[in-house]
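Every number here is computed from the coordinates shown, using simple stated rules; none is lab data. For clarity, every value in this text was computed on a predicted model and none was experimentally measured. In this analysis, Cβ positions are derived from the backbone assuming ideal geometry, glycine residues included, and neighbour counts consider all displayed protein chains.
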Amino acid sequence: MTDDELSTFISGDETDKALILPPDLPQGLPEDERYFLLLITPLRACAEYKPKFGRGGKVGMTVEQFQQMYGSDSFYSWIGLDSPLMYAAHKAAGGMTSIYRQLGIGSQWVLNQILQDYLGLSKEEAIWSYLVPSSKAKPRRLSLDGRIELDHLQNMETKNRFQEWLNEIADKLLLPIHTRSNIKGIVIEARQGYKSKDSKRQNADILNAANAYANLYIPVLVLFSRQIDSDVAQRYTQAQWLILQGTVEDSTTESLRVI
């Protein structure tokens, strides 16, 4: 993945996570090293982050350019806002948002690779997408980060274990008998954490859940950390998402130890 491609992560221009593809890693790397590289590669963009100060474009301003701009503004310079400390504050604020975003992308890549490595799934089998009507000529395709479908599992022991886990999930989510008898697997949305109360993101995931059940999948929210707002968690649970958090101590319907 090139630096130019990574820079689009910072700009926020790319909104469809399915289009943000993982890099091609060197052959023969140990498993742990491959997962580590998948996780940290998006974070490279954070080191190059420069605030734009409302100037638009994809390239931010250096501290020298910032001081020239604010220093030439009579009011801002009088207040003292042309200080390098002000530039550092803007860089830290934007960089912090970017770190969470890039860590989420890396988490998505790692999860998808684990599904392929440990369950023998192909790249196509390990992801899921669906079409929704759109006001434009063509329907819109939406994607989730992972999928495990019973019919894709070749190892019988793994398949039976996964079926048992699906039964546990169905019990936890209080799914009716007719629904659980037709479930063919799970679809996964991977996040590094979920502290935001962005209603647009929540509404999109409620739509994801409805379409998952319509396609006979149980939606699972995988959090690599334990950071999730309690109100958000309650809303997702009420929409019958299973939430797995970044812990190995809790049960297999609550923690990532099942992954």
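Exceedance of the 29 Å cut-off in Cα-Cα distance is limited, within the set LYS91/LYS197; LYS123/LYS184; LYS50/LYS197; LYS52/LYS136; LYS58/LYS123, to LYS52/LYS136; LYS58/LYS123. Would you please state which residues of the range 197-227 a label at HIS178 would reach in this model, taking the label point 7 Å out along Cα→Cβ and a backbone N cut-off of under 17 Å? Only 213-217 fall inside the zone, counting backbone N under 17 Å.
The phi-based Karplus calculation (6.51 cos²θ - 1.76 cosθ + 1.60; θ = phi - 60°) puts the 3J(HN,Hα) values of the range 78-95 at 5, 6, x, 6, 7, 6, x, 5, 5, 4, 4, 5, 5, 5, 5, 5, x, x Hz, whole numbers, x for Gly and Pro.
Phi angles of the range 131-144 translate, via the Karplus equation with coefficients 6.51, -1.76, 1.60 and θ = phi - 60°, into HN-Hα couplings of 9, 10, x, 9, 6, 7, 5, 9, x, 9, 9, 10, 10, 10 Hz per residue; Gly and Pro are given as x. A simple spin-label model places the labels of GLN27 and GLN116 1.5 nm from each other, with each point 7 Å out along Cα-to-Cβ.
Residue by residue, the range 240-249 carries 3J(HN,Hα) couplings of 6, 7, 8, 10, 10, 9, x, 9, 10, 8 Hz when phi is fed to the Karplus relation 6.51 cos²θ - 1.76 cosθ + 1.60 (θ = phi - 60°); x denotes Gly or Pro.
Viscosity 1.002 mPa s, temperature 20 °C: give me the Stokes-Einstein translational D for the range 52-165 in µm²/s, with Rh taken as the Kirkwood radius over C-alpha pairs. Don't skip to the answer; put the middle values down first.
On the way: Rh = 18.9 Å.
Translational diffusion coefficient: 114 µm²/s.
If you take the Cα centroid of the range 203-259 and the Cα centroid of the range 109-176, the two points sit 13 Å apart.
So if each residue of separation counts as 0.36 nm, and I subtract the Cα-Cα distance between LYS197 and THR158, what length gain in nm does that give?
Details: separation 39, 0.36 × 39 = 14.04 nm, distance 3.66 nm.
Full-extension gain reported as 10.4 nm.
Net charge near GLN27, counting Lys/Arg +1 and Asp/Glu -1 over other residues with Cβ under 14 Å of its Cβ? Here the count lands on -2.
Got a sec? How would LEU115, LEU85, LEU131 order by Cβ neighbour count within 10 Å, fewest to most?
Details: LEU115 23, LEU85 8, LEU131 11.
Arranged by neighbour count, lowest to highest, LEU115, LEU85, LEU131 become LEU85, LEU131, LEU115.
In this structure, SER83 and LYS52 have a Cβ-Cβ separation that, at R0 = 25 Å, corresponds to a calculated FRET efficiency of about 0.85.
The average projected area of the range 107-259, computed from the convex hull of its Cα atoms over all directions, is 9.4 nm².
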